[in-house]
Amino acid sequence: MTEIAHLHRRPFPGSFSIERLFKGIRLKLSDHGVHVNELVAPRFSKGIVSRIQNIQWAKTLRADVFHVTGDIHYVTLGMTAEKTVLTIHDLEMLTRSKGLRRKLLKTFWFDLPLNRVAAVTVISEATKEKLLSLVDLDPTIVRVIPNFVDPRFEFVCYPSLDAPPRILLLGTKANKNLERTIQALQNIDCNIDIVGRLSDHQRQLLVECGNTFKNHVGISDDELIGLYRNCCVVCFASTEEGFGLPIIEAQATGRPVVTSNCSSMPEVAGTGAILVDPHDVDSISVGIQKALSDRECRQQLIHNGLKNCKRFQLESVAAQYADLYQFVVAQNAK
């Protein structure tokens, strides 16, 4: 039997998005007769010594196909190139870095690892385009395999707008653009749910905004699904994304989406979102108000969103990975 190995980072508390994604893929791959071993790096990806130990660990592994699922790109340096697949989720950490840090990231997370693989997967056409613009790489080895929407995100009827509407915001890192989104909500009477640990500055901005807010950290999948169901609008006005999973999670739940007109987000959202300029507070505010006040627009967004998220079904995504693994095995058999 062909042995496939998924190599995961050792996740820091609260960081399980990659692991959750590939857990679902592994379950569905079994339907295609593909068995995958899940392997977790022995050390957190922090500091030179720990990362060298992760590379040494990778050297000891045996499989027909190794799939580095993200983040710890550098472990490919300890692996057989012809048997290795690397998934790149985004390039945000590279584009936001400068000077020596940027040079080190580019060298050890992109340039060298990408010379040690048989295939690369990215999660959107926008990510592929950006990767090829930043790294000298043969485009024929790059495949776009998108993320999938968890089947547990199911349509729920739109909530009443009798009370102040609930706005759901997901993510608090710099690219999530939370500060501008908070400012955009300042003149909208609403309740705000934020998923992700807030900084002191972000919390102060929320207090000054004047709206009631709740911060949700370390929540379960069921709790997250509940937040989507209870909200009236999902605003995801990020400045940069490799994909933008909250967009299709909101669409699958039947919630109107306000997202950015840049990076991968228009590609993922299709016609099921209001697109705004994430650098313009007024643009974000107008988009949210339109989703709340224009009933006809809202119904069209929900309809289009439900149709759009069907492009990202688990079965289709798993089948694409199964096909890729078979390709790598066949190439090595020649």
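Proximity of backbone amide H atoms, modeled 1.01 Å from N, is registered between VAL142 and VAL120 at under 5 Å, excluding neighbours fewer than 5 places apart on the same chain.
Computed as a quarter of the hull surface, the mean projected area of the alpha carbon convex hull for the range 1-97 stands at 6.8 nm².
Pairs with C-alpha atoms separated by more than 19 Å, drawn from the list LYS83/LYS334; LYS28/LYS310; LYS103/LYS130; LYS28/LYS334; LYS173/LYS214, are LYS28/LYS334. With a/c under 1.5 counting as rounded, go ahead and sort the range 232-289 into rounded, prolate or oblate using the C-alpha gyration tensor (a ≥ b ≥ c being the square roots of the eigenvalues; past the cut-off, prolate if a/b is larger than b/c, else oblate). Oblate, because a/c is 1.5 or more while a/b does not exceed b/c. Over the chain, Cα pairs under 8 Å with separation of 6+ residues give a relative contact order of 16 percent. Annotation: amide H of ALA273 has no partner in the under-5 Å range at sequence separation 5 or more or interchain, hydrogens built in the peptide plane. Only Lys, Arg, Asp and Glu carry charge here, each on its Cβ (+1 for the first two, -1 for the last two); on that basis the chain has a dipole of about 1000 debye about its Cα centre. The residues of the range 228-334 expose on average 39 square angstrom of accessible surface per residue, using a 1.4 Å probe on protein heavy atoms. The listed peptides 232-238, 93-99, ordered by packing as a protection proxy, come out as 232-238, 93-99 (highest mean of other Cβ atoms within 10 Å first). Scoring 156-163, 321-328 by mean Cβ neighbours within 10 Å over their residues and listing the highest first yields 321-328, 156-163. Among 52-62, 180-190, 297-307, the peptide with the highest mean count of other Cβ atoms within 10 Å heads the list, and the full ranking is 180-190, 297-307, 52-62.
Taking the accessible area of the chain, probe 1.4 Å, and keeping the other protein chains in place, the carbon and sulfur fraction comes to 51%. Separation of the range 2-75 from the range 289-313 is 36 Å, based on Cα centroids.
In this structure, the amide hydrogen of PHE213, modeled 1.01 Å from its nitrogen in the peptide plane, lies closer than 5 angstrom to those of ILE192, counting only residues at least 5 positions away or on a different chain.
Using Stokes-Einstein with the Kirkwood hydrodynamic radius over Cα pairs, what translational diffusion coefficient do you get for the range 33-83 at 4 °C and a viscosity of 1.567 mPa s, in µm²/s rounded to a whole number? For the chosen part, D equals 112 µm²/s. Short-range pairs are left out: with C-alpha atoms under 8 Å and at least six residues apart, the relative contact order of the range 221-299 is 27 percent.
The values are calculated or read from the model by the stated rules, or taken from the named source; none is laboratory data. These figures come from a predicted structure and were not determined experimentally. Cβ: placed from backbone, ideal geometry, glycine included. Neighbour counts: every protein chain shown. Protein only, heavy atoms only, side chains kept; ligands, DNA and RNA dropped before computing areas. Shrake-Rupley method; radii C 1.70, N 1.55, O 1.52, S 1.80 Å.
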